[in-house]
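The values are calculated or read from the model by the stated rules, or taken from the named source; none is laboratory data. Here the structure is a predicted model, which is why all the values come from computation and not from measurement. Cβ atoms come from the backbone with ideal geometry, glycine included; neighbour counts cover every protein chain shown.
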């Protein structure tokens, strides 16, 4: 029987062990373009150049999983960070666990709002993008290279996790 976890709201303090929340609200700003644009500056610590890697800009299109959502896979990128920013108006789930050997009991679920992105620090375990309600696009900045930069672990038996969406309105 999988254990059940309830997502908590995504915020800077709770997400800090896993990376950064990308959000314009409290970021450093610069006025540019003759005062007509506010630049929210340097929102994440991108770490993309290990072993000759280069930054890549991508769009990931994610479809919602059937409910109830049962987590069966976690992944990490041991050589780089990976940043996601939603391009739509729907909330989504962020599922993470600390770097190191995957400890399924340390998996945490966050409910992210449409104006919040995340940057997973190098080695942070995470589930792939979890759209809620409808197909969702994410702008993704990650490392491009010819080597392998993705470890996956399958969750089986009691390590599987059911996401309790409870009162989340989709």
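Answer yes or no: is there a residue in region 148-159 that is in contact with a helix residue (DSSP H, G or I) (Cβ under 7 Å, 6 or more places away or on another chain) and either modelled with pLDDT of 95 or more or surrounded by 12 or more Cβ atoms within 10 Å (Cβ to Cβ) (or both).
yes
Yes or no, residue by residue, for (1) within 22 Å of residue 165 (Cα to Cα); (2) modelled with pLDDT of 95 or more; (3) out of contact with any helix residue (DSSP H, G or I) (no Cβ under 8 Å at 6 or more places or on another chain); (4) surrounded by 16 or more Cβ atoms within 10 Å (Cβ to Cβ):
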{"site": "62", "(1), (2), (3), (4)": "yes, yes, yes, yes"}
{"site": "67", "(1), (2), (3), (4)": "yes, no, yes, no"}
{"site": "107", "(1), (2), (3), (4)": "yes, yes, yes, yes"}
{"site": "113", "(1), (2), (3), (4)": "yes, yes, yes, no"}
{"site": "125", "(1), (2), (3), (4)": "yes, yes, yes, yes"}
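Taking the condition of being surrounded by 12 or more Cβ atoms within 10 Å (Cβ to Cβ) and in contact with a strand residue (DSSP E or B) (Cβ under 6 Å, 6 or more places away or on another chain), how many residues in region 41-54 meet it?
Of all residues in region 41-54, those surrounded by 12 or more Cβ atoms within 10 Å (Cβ to Cβ) come to 43-50, 53.
After this cut, where a residue has to be in contact with a strand residue (DSSP E or B) (Cβ under 6 Å, 6 or more places away or on another chain) as well, the list is 43-44, 48, 53.
Of the residues in that region, 4 qualify.
Within 20 Å of residue 128 (Cα to Cα), out of contact with any helix residue (DSSP H, G or I) (no Cβ under 7 Å at 6 or more places or on another chain), in contact (Cβ under 8 Å) with a residue 40 or more places away in the chain and in a loop (DSSP other than H, G, I, E, B): which single residue out of 79, 46, 57 fits that description?
On the way: 79 fails: out of contact with any helix residue (DSSP H, G or I) (no Cβ under 7 Å at 6 or more places or on another chain); 57 fails: in a loop (DSSP other than H, G, I, E, B).
Going through 79, 46, 57 in turn, just one is within 20 Å of residue 128 (Cα to Cα), out of contact with any helix residue (DSSP H, G or I) (no Cβ under 7 Å at 6 or more places or on another chain), in contact (Cβ under 8 Å) with a residue 40 or more places away in the chain and in a loop (DSSP other than H, G, I, E, B): 46.
Every residue in region 1-14 that is touching a helix residue (DSSP H, G or I) at 6+ places or on another chain (Cβ under 9 Å) and not in a strand (DSSP E or B), please. Give the derivation first.
Of region 1-14, the ones touching a helix residue (DSSP H, G or I) at 6+ places or on another chain (Cβ under 9 Å) are 1-3, 8.
Within region 1-14, 1, 2 qualify.
Would you be able to say whether some residue in region 15-22 is modelled with pLDDT of 95 or more, part of a helix (DSSP H, G or I) and within 22 Å of the chain's Cα centre (by Cα)? Lay out the reasoning, then the answer.
Quick first cut of region 15-22, residues modelled with pLDDT of 95 or more only: 15-22.
From the residues that got through so far, the ones that are part of a helix (DSSP H, G or I) too are 15.
Now drop any that are not within 22 Å of the chain's Cα centre (by Cα), which leaves 15.
So far as region 15-22 goes, yes, one or more of its residues are modelled with pLDDT of 95 or more, part of a helix (DSSP H, G or I) and within 22 Å of the chain's Cα centre (by Cα).
Assuming residue 31 fulfils every condition listed in (1) touching a residue at least 12 places away in the same chain (Cβ under 8 Å); (2) touching a strand residue (DSSP E or B) at 6+ places or on another chain (Cβ under 7 Å) apart from one, which condition is it?
With respect to (1) touching a residue at least 12 places away in the same chain (Cβ under 8 Å); (2) touching a strand residue (DSSP E or B) at 6+ places or on another chain (Cβ under 7 Å), residue 31 is out only on (1).
Provide a single number: the residues in region 135-166 that are within 20 Å of residue 82 (Cβ to Cβ) and without any contact (Cβ under 8 Å) to a residue 60 or more places away in the chain.
The qualifying residues number 2.
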